[in-house]
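Here is the structure we will look at, set down as structure tokens.
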Amino acid sequence: MQRALRFRSLASWADILLISAGLALSRLAYAIFFPANYALLTRGELAGGFLVSLVSFWAAVKFWESSGSQNPWPLLEEFCVGTGLSLVLHAVLNYFHLLTRSFFLIIVGGLFAACLLGIARQWVHSRLEDAPAGVLMISFDPLAGQVASSLGQPILGVIGASDSSLPPGVPSLGDIDDFEKIVAKLHPSHILIASKDAAARPAPSVLLKLRLEGIAVSDVPTLYESVFERVYCRSLAPADMLLSPSLSADSRTLAIQAVYTNLIGLMFLISLSPVLAIVSLASLLFSGPGPVLESIECSGFQKIPFCLLRFRTLRNDGSGRMTGVGKIITRLHLVNLPRLINIVRGEIALFGPRPVRREFAERLTDIMPFYAIRFFVKPGILGCAPARAAAVPLSELREIEYDLYYIKQASPLLDLEILFRTLSGGGRPELTGAD
């Protein structure tokens, strides 16, 4: 434990040195590419600007580490926060004529610092850190065992479980009364709490002390969400739906998403309107009697019903056969192109849980009350579930877990990640046997 604390202290100093190196590189680049402007800066301004940028970026790094953010690109978040804070502080000091602000030094310095931190975390930190000692579990069930195994560390044993309930090779270590003695003997790097009974858990003060000593402490739902990027729905009680603010979408994020969703949707609708017109005309002329578009009644934001549009692909004679035009537009993936109209009308978004038929939504809400949380945001064309598990058929329970994760973590950066994963085929290993 003391070695883990020493590593944390060394890592903090290493972060400061790397940020300083990045800022120094930006000043060297400024002197090379803009020598006339660099000559105008005094030594005091250079030193003051360096110190302000260093403090701002280091504060952003520490803030991200303490926040437990699930952002898939932490360095991008650190760069944005650190550079933004530095720009604000430089602007204030520039207003009082204490510093001369240089956008080049601030932005390029932050970029260099982020790159050096990324290299260090990928190579240097992983080599400096001691090999993990293992996971100590409190209580056990099959899901907890799978989540613990996902950490890539050996399971040292389980407290509060009998040998008969444990898989081969995982020992029972005794009762919760011996918890501190067992921790002192085994020195685990991670403690996973699988017990739902408060009496079978260590005292909060004991867990806090262990966390301060460098041991990671988590429960199964939290670790499940962190590792697999979805919410473990079986742990949700009805009170969680009413009282937990984390299960509600952030109104500011929704407002920002609405702006770029509508702008992008309108841009695509205008640019692809010739394609819409050609397909509509072809369907009208060669698909026989019937409407060009068909609609599906779905539940939208706050369960407000709307009609989801798509091109008609089947004959209107009840035979179930596809029309000639329907086969072509299906092969070209143009069937759902009219959904752009739904986006511009504000009924759906570019990103969000997939639209669900109204009758299915009502039935699933009766079966799983937490299913109603997915209607806290607009349904979307690109969802979190298919982007992360593109090649794996998902149950409704697994899909709602991804949807709730999206609602909790919704941000433009997460939308961008979903887009990249979708374009690249995406997907990640799925946890088996948890449904």
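Residue-level analysis places residue 323 among those that are in contact with a Gly (Cβ under 7 Å, 6 or more places away or on another chain), farther than 25 Å from residue 361 by Cβ and of a type in the set (Val, Ile, Thr). Here is a check on your reading of the model: is residue 78 modelled with pLDDT under 75 and closer than 29 Å to residue 416 by Cα? Answer is no for this residue.
For residue 47, the conditions (1) modelled with pLDDT of 90 or more; (2) closer than 30 Å to residue 211 by Cα; (3) of a type outside the set (Val, Ile, Thr) are fulfilled apart from (2).
This table checks each residue for (1) surrounded by 15 or more Cβ atoms within 10 Å (Cβ to Cβ); (2) in contact with a Phe, Trp or Tyr (Cβ under 9 Å, 6 or more places away or on another chain); (3) outside the structural domain of residue 404 (by TED's automatic domain parsing); (4) assigned to a loop (DSSP other than H, G, I, E, B).
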{"position": "336", "(1), (2), (3), (4)": "no, yes, no, yes"}
{"position": "341", "(1), (2), (3), (4)": "yes, no, no, no"}
{"position": "353", "(1), (2), (3), (4)": "yes, yes, no, yes"}
{"position": "359", "(1), (2), (3), (4)": "no, no, no, no"}
{"position": "363", "(1), (2), (3), (4)": "no, no, no, no"}
{"position": "366", "(1), (2), (3), (4)": "no, no, no, no"}
{"position": "372", "(1), (2), (3), (4)": "yes, no, no, no"}
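Among residues of region 144-167 that are in contact (Cβ under 8 Å) with a residue 24 or more places away in the chain, those with a beta-carbon under 7 Å from a residue that is hydrophobic (A, V, I, L, M, F, W, C) and in a helix (DSSP H, G or I) at least six positions away or on a different chain give the pairs 144/220; 147/220; 147/223; 147/227; 150/227; 156/186; 160/176; 160/200. I'd like to check something: does region 279-297 contain any residue that is in contact (Cβ under 8 Å) with a residue 60 or more places away in the chain, in contact with a Cys (Cβ under 8 Å, 6 or more places away or on another chain), assigned to a strand (DSSP E or B) and under 30 Å from residue 413 (Cα atoms)? No: region 279-297 contains no residue that is in contact (Cβ under 8 Å) with a residue 60 or more places away in the chain, in contact with a Cys (Cβ under 8 Å, 6 or more places away or on another chain), assigned to a strand (DSSP E or B) and under 30 Å from residue 413 (Cα atoms).
The values are calculated or read from the model by the stated rules, or taken from the named source; none is laboratory data. Small disclaimer: the values here were computed from a predicted structure and weren't measured. Glycine also receives a Cβ, built like all others from the backbone with ideal geometry; neighbour counts cover every protein chain displayed.
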